[in-house]
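The values are calculated or read from the model by the stated rules, or taken from the named source; none is laboratory data. A quick note: this is a predicted structure, and the numbers were derived from the prediction, not measured. Backbone-built Cβ (ideal geometry, glycine too); neighbour counts: all protein chains shown. For the accessible areas, the whole protein counts, side chains as well, though only heavy atoms, and no ligand, DNA or RNA atoms are used. Shrake-Rupley method; radii C 1.70, N 1.55, O 1.52, S 1.80 Å.
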Amino acid sequence: MIFNEEQSMLKDTARAFIEENAPVDNLRKLRAAPEGPAYDLELWQQLVELGIPAVALPEEYGGLGFGFMGLAAVLGETGRNLVATPLVSSVALAASLIKLVGTEEQKSRWLPALASGELTATVAVQEGRHYNPKSIETKWANGALSGSKTMVMDAQEAGLVLVIAKNASGALCVLALNSLEDVEQERYMLMDGRKFSDLHFRDLAGVEELGEGEQVASVEQALDIATIALAAEMIGGAESLLERTVYHLNEREQFDVKLATFQALQHRCAEMYCQLELARSAVLSAFTRLDQGRNIAKAASQAKALANECYQHISNEAVQMHGGMGITDELDIGLYLKRSRVCNQLFGDANFHRKRYALQIGI
Amino acid sequence: MSDLETFRAETRAWLEAHCPESQRQPILKREQIWGGRNRVFPSADAQAWFEAMADRGWTAPSWPKEYGGGGLSIEEAKVLQQEMARLKCRPPLYEIGIWMFGPALLAYGNEAQKQEHIPKIVKGEIRWAQGYSEPGAGSDLASLKTKAEDMGDHFLVNGTKIWTTNAHKADWIFCLVRTDPSAPKQQGISFLLIDMASEGVSVSPIELISGESEFCQTFFDNVKVPKENLVGELNKGWDVAKELLKHERTLMSSMESMSEKEDFSLLELAQQYLSLNSEGTIEDGEIRSRIAQLLMEMEAFEQLNERMFYQYKAKQVDQRLGMLLKHIGTKQLQRKDELILEVLGNKALSWTAPTANQQEHIVTRNWAFNKSHTIAGGTSEIQLNIIAKRALGMAS
Ligand SMILES: Cc1cc2nc3c(=O)[nH]c(=O)nc-3n(C[C@H](O)[C@H](O)[C@H](O)COP(=O)(O)OP(=O)(O)OC[C@H]3O[C@@H](n4cnc5c(N)ncnc54)[C@H](O)[C@@H]3O)c2cc1C
């Protein structure tokens, strides 16, 4: 539920590093180059040198074995400054998928490379307008892969693309592609300045299957890990927005007083803080369960649903309380606003997770 | 086994042996045991359970042993709480003395006062009331006017207190009184203990929207109070009051989880009163989604409390979080009550009609009574003021 000493140190290191090397302006540069990389490759190399991709992986695969809570600490910091990294796509999701589903041989082939930062991987999950792994239609049958994926993160940069599909009997399975050469792709930038890809597979043959046999539960668990990783990033963003807003209200004067003295604004900020700490508690609790080796299906849905609503609400309020400045591109507030909406859709919106939570508690 | 695990095993065995089956059922309001000279036990089982707990000091598990408390560490107290929850043991004692007054007296009282009052609270022998609010002093408590004049060998108290919960049943009352009318508001207030049996004390009950009349107005007409009943220093009563308020707010925020156990759970009522489809899930997607939403937030509130517990253990307390509890907890409780009313439909509308059963009547009255939670102990608006200024540092 709280960061231990190692994790706190990691958090401090990440904060100091990001404050110095990754201002929010970095995102503007990435945004100005739609054809450019999805994230700053040089910055990522520096994060690799700090050992970040190895944090949660077990030592036997070259990891540091700090647990996922350490990763949560770092994600909160990247979220605060809207730093684009493959932490969610590669470190949280792809590595977990390989660890949970892969054969021993596959794990030894890929995990050490992911831990050392030599390799990044991504996972193609989403289809259609709304995230819902249950309605995946991409098919893996008779040695051929067919179907379409959307919202794939960091695909161009990835040296390994994992595709979640359904096999002939309708169970979830995972395919591993070392290259996207034979795959039709469209790469695009979304409103948050991040790049995503659509991938189309037309009877693609010669792909390797991850793991053996049916592994539905493991696939879902890997997706849950990515879900809470993203939620941790979102909490960081919401926290930064609330701080920026309070700072602004304490500075700006109207009617000869600081805006912060108006009770209508005080109460709204106080409510935001309550919502933020509730969502943060849910996220930390999910990571704690994960590190304890417990099931996180319910916890992940709770955490993501609350993080979605929190980030969305706080970003709306932040825009409003900055007045006219709040809707200019010059201020960073709008970047957070847009990021929050993209995060909402990635790995499930509040509606999806509320329903999933309801099912988990038996109503 | 670690010490804590041994303690858990022993506690579990002891509770199994000493908590009668009947005391592991959801408790109704009239079955609650409150302290006091005139206390009554609703049943022999209830008395046995109460006495077993009081003997161990487990009515106040973490208070020092020398004053009759349980002497448990906070980890042990949490284990006890968990084990009681696991067996669904009823709380052995409901008492303002346990929840708020005791902790403040332990912090600010002198030795004689602690020796005199704490053991009686633990044993449920004395029932306490809280005399803070006045007709003219609510949220702005420091504007209180009830005065205590120094008459040499005693204080002479005159004035009136309002909303004094259960004053008509209380044996003693702790009061905030004005001892220096010329000092700035907060600095002329003292904390005084008054025996309700003193000459000049009178009480008149006030009926509430829940149909109960737990509230009273309490009048003090030339009441003589011994000097030794002053807690803390003269004119420093505000410090004691603040200490006490901390415990009151923590209590109020946990009313939510308390009432979940004592009353009826939203989840169970939903399953009982709403149409379910063949898989046993609620048919109406709209209300299902709102129930799920609230339950997610309530779970997050528990997780927030858990986080604070671990912060406390690791000595990394984030003071700001404590300021959030009262507002979040009481607001969630009221949302839950509203949803329950909706789930019961017109079954929740009866006040006394024979067409509704006991459960339905209780649910309805809880809904009405719980409106008080966002008012008592510092209103939600005051809590939000505190959060904005002290937790967020907003200018005032
Ligand atoms: C169930 C219950 C039990 C109680 N038990 C006791 C007891 O045992 N002993 C005791 O002494 N008292 C008790 N009280 C009294 C309680 O402490 C007061 O009701 C409370 O402090 C509010 O004061 P008030 O009722 O005078 O409301 P007011 O202070 O008049 O408030 C009315 C409304 O104005 C709002 N308001 C006031 N000031 C501000 C501000 N600065 N900014 C924004 N909004 C503001 C309030 O939030 C509220 O919504 C109890 C109350 C309840 C409901």
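Structure notes:
- Debye intensity ratio I(q)/I(0), log10, region B:111-236, q values 0.12, 0.13, 0.15 Å⁻¹ (C-alpha model): -0.44, -0.52, -0.69
- Rounded if a/c under 1.5, otherwise prolate or oblate - region A:216-360, Cα gyration tensor axes: prolate
- P(r) weight above 51 Å for the protein assembly as shown, C-alpha pairs, percent: 24 percent
- Distance between the C-alpha centres of region B:328-396 and region A:105-158: 47 Å, rounded to the whole angstrom.
- Kirkwood Rh and Cα Rg combined as Rg/Rh, chain A: 0.98
- Label reach from A:GLU243 (point 7 Å along Cα→C-beta): in region A:15-56, amide nitrogens under 19 Å belong to A:15-28.
- For chain B, the antiparallel share of DSSP beta bridges with both residues in that region comes to about 80%.
- B:ASP55 versus B:GLN271: modelled label distance in nm, points set 7 Å from Cα along the beta carbon direction: 3.7 nm
- All Cα pairs of chain B, percent lying beyond 42 Å: 14 percent
- From the alpha carbon centroid of region B:1-77 to that of region A:229-270 is 45 Å.
- For the pair B:GLN32 and A:GLU42, a Förster radius of 51 Å applied to the C-beta separation gives a FRET efficiency near 0.20, rounded to the nearest 0.05.
- Between B and A, roughly 3500 Å² of accessible area is buried in total, ligands, DNA and RNA not counted and the probe set to 1.4 Å.
- Comparing A:ALA113, A:ALA176, A:ALA144 in a Gaussian network model of chain A, where Cα atoms under 10 Å apart are tied by springs, the biggest mean-square fluctuation is seen for A:ALA144.
- Summed residue charge, Cβ within 13 Å of B:SER213's Cβ, Lys/Arg positive, Asp/Glu negative: -1
- Calculated FRET value between B:ARG335 and B:GLU10, using beta carbons and R₀ = 51 Å, to 0.05: 0.85
- Taking every DSSP helix (H) stretch of at least 4 residues in chain A, weighting each as -39,500 (n - 2.57) and dividing the sum by the residue count yields a mean residue ellipticity at 222 nm of -16500 deg cm²/dmol.
- Structure remark: mean-square fluctuation, Gaussian network model of chain B, C-alpha springs under 10 Å; the largest value among B:MET323, B:MET151, B:MET298 belongs to B:MET151.
- Listed residue pairs exceeding 26 Å between alpha carbons, taken from B:LYS120/B:LYS315; B:LYS123/B:LYS331; A:LYS99/A:LYS139; A:LYS99/B:LYS315; B:LYS65/B:LYS145; B:LYS78/B:LYS114: B:LYS120/B:LYS315; B:LYS123/B:LYS331; A:LYS99/B:LYS315; B:LYS65/B:LYS145
- With the simple spin-label model, which puts each label point 7 Å out from Cα in the Cβ direction, the B:GLU21 to B:GLN47 separation comes to 2.2 nm.
- Pairwise centroid distance, computed over Cα atoms, of region A:305-363 with region B:96-174, Å: 47 Å
- Per-residue ellipticity at 222 nm computed for chain B from its helices equals -13500 deg cm²/dmol, with DSSP H segments shorter than 4 residues left out and the rest contributing -39,500 (n - 2.57).
- At q = 0.13, 0.16 Å⁻¹ the log10 of I(q)/I(0) for region B:1-58 amounts to -0.41, -0.59, computed by Debye summation with a single uniform scatterer per C-alpha, solvent ignored.
- 12 Å cut-off, amide nitrogen to a point 7 angstrom out along A:GLN345 Cα→Cβ, residues in region A:142-167: A:150-152
- For A:347-359, mean number of other protein chain Cβ atoms within 10 Å: 3
- Helix axis angle, A:263-291 relative to chain A longest principal axis, alpha carbon, degrees: 30 degrees
- Percent carbon-and-sulfur accessible area, the protein assembly as shown, ignoring ligands, DNA and RNA, probe 1.4 Å: 50 percent
- Paramagnetic label zone (point 7 Å from Cα along Cα-to-C-beta, B:ASN235; backbone N under 18 Å) in region B:143-160: B:143-152, B:155-156
- Rounded, prolate or oblate (a/c below 1.5 giving rounded, otherwise prolate when a/b exceeds b/c) for region A:121-210 by Cα gyration tensor: oblate
- Cut-off under 5 Å, modelled amide H: who pairs with B:GLU125 long-range: B:GLY36
- For region B:1-144: rounded, prolate or oblate by the Cα gyration tensor [a/c cutoff 1.5]: prolate
- Loop-located trypsin sites (Lys or Arg not before Pro) in region B:315-384 (DSSP state not H, G, I, E or B) with no more than 12 neighbouring Cβ atoms inside 10 Å: B:LYS315.
- On Cα atoms only, tilt of B:237-262 relative to the major axis of chain B in degrees: 20 degrees
- Length added when fully stretched, A:HIS200-A:ARG109, from 0.36 nm per residue minus Cα-Cα: 30.1 nm
- R0 of 30 Å, Cβ-Cβ distance B:SER182-B:LYS242: FRET efficiency to nearest 0.05: 0.85
- Angle in degrees between helix B:358-369 and the longest Cα principal axis of chain B, rounded to the nearest 10: 50 degrees
- Estimated inter-spin distance, B:ILE209 and A:ASN4, nm [label 7 Å along Cα→Cβ]: 5.0 nm
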